[in-house]
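Okay, structure first, notes after.
The values are calculated or read from the model by the stated rules, or taken from the named source; none is laboratory data. What you see is a predicted model, and the numbers here were worked out from it, not measured in a lab. Here Cβ is always computed from backbone atoms with ideal geometry, including for glycine, and neighbour counts include all displayed protein chains.
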Amino acid sequence: MYFEDLRVGTRTEVGSHTFTADEIKAFAREFDPQPFHLDEEAAARSHFGALCASGWHTAAVCLRHIVLARQHQQAELRRRGEPVARTGPSPGLRDLKWPRPVYVGDTIAFAQEIVELRTLASRPDVGLRVARLTGTNQRGELVYSVLSSTFIERRIRHLDGAQT
Amino acid sequence: MRAFEDFKVGEIIEFTPLAVTAADIKSFAARFDPQPMHLDEAASQNTIVDGLTASGLHIVCMHMRLFADGILRDSTSMGSPGVEEIRYLAPVRPGDSLTLRVEIAGARPSKSRPEMGLVNFRSHMINGDNKPVLEMAATLMFGRRAAMGGSEVAI
């Protein structure tokens, strides 16, 4: 499966995760040590009202699900003897939003939808895939949304073959 | 403690450099971005960027840690509604030393919530060779002095 096989509008549910107090605090100690991510009492006094996950923790758990879903898909392709395109690196992210906090016990379902596919004059070997990644809680409320760009290998050697 | 009123547009804040190890890169990747180029020196040789490199989101999380230690821990931070843009400009590899420089690009009181204001930051992270590795434009919310308790207003 190469860049040419991707379609705008394809949506993939990549799994869900329930956030525990312990992992929220462990992530915060390592990367985002702010009181409302570290301590229940301090969080209760903050405008969040209760312990909530760092936004980057939500982003990181989403990434894990995206990567595992892709690896699962790639393993399927290999099993069927089909080619697997190389992916990465990402040039970046934009329009990232955390509309609501993720609280202890919330279960967040993550999804990915392709919103743009672009070939690049400067890089004939790869195309740029822009996907909207989202996280939605158990009440159906959006808690995370971002546009993520990734380079995906093109079917260039197949094109070369057709031209000779 | 920094409140909303203490962020002056145009101010530039410099941070203590952060050293990145192979163990840091692999530990983040094992938990959140388990791809060969972030996990294993040998497996990373046949990827689009050769050699072990940090997950982009790991760079962002290291940025967050520097930002929290340098600004947010001693502030009236109320979190962030979002990030306008993140650009990954060069790979981060084991042994890199990352230096962060943050410019205050904008500051305005919230219209709907008078107890807080919004501050726009532009982050530039460079490696030991002065090469940019990350740029970020983000907005954070901070409590205003007027909304704080009486004793804190006097400080």
Inset, instruction - Could you please give the count of residues in region A:113-127 that are modelled with pLDDT under 95, assigned to a strand (DSSP E or B) and aliphatic (A, V, I, L, M)? - result: 2
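So which residues in region A:22-42 are of a type in the set (A, V, I, L, M) and either within 22 Å of the chain's Cα centre (by Cα) or within 11 Å of another protein chain (Cβ to nearest Cβ) (or both)?
A:ILE24, A:ALA26, A:ALA28, A:LEU38
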Inset, instruction - Go through the residues of region A:91-109 one by one and say whether even a single one is away from chain B (no Cβ under 14 Å), at pLDDT 95 or above, within 30 Å of A:ILE156 (Cα to Cα) and touching a strand residue (DSSP E or B) at 6+ places or on another chain (Cβ under 7 Å). - result: no
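Among the listed residues B:GLY106, B:GLY117, identify the single one that is in a strand (DSSP E or B), at pLDDT 95 or above and closer than 21 Å to A:PHE48 by Cα. Explain how you work it out, then say what you get.
Working: B:GLY106 fails: closer than 21 Å to A:PHE48 by Cα.
Every option except B:GLY117 fails the conditions.
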Inset, instruction - Quick one: in region A:45-59, of everything that is touching a Gly at 6+ places or on another chain (Cβ under 9 Å) and more than 25 Å from B:ILE59 (Cα to Cα), which residue is nearest to the other protein chains (Cβ to nearest Cβ)? - result: A:HIS47
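Step by step: first the residues of region B:82-123, then only those that are hydroxyl-bearing (Ser, Thr, Tyr) and more than 10 Å from chain A (Cβ to nearest Cβ), then the one that is surrounded by the most Cβ atoms within 10 Å (Cβ to Cβ). Which residue is that?
Among them, the one singled out is B:SER123.
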Legend entry - Among (1) of a type outside the set (Lys, Arg); (2) touching a Phe, Trp or Tyr at 6+ places or on another chain (Cβ under 8 Å); (3) farther than 15 Å from A:LEU6 by Cβ - the single one A:LEU93 does not satisfy: (2)
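So, in region A:128-164, exactly how many residues are at pLDDT 90 or above and of a type in the set (D, E, K, R)? Outline the logic, then answer.
Step one: filter region A:128-164 for residues at pLDDT 90 or above, giving A:128-154.
Filter once more, keeping what is of a type in the set (D, E, K, R): A:129, A:132, A:139, A:141, A:153-154.
Final tally of qualifying residues: 6.
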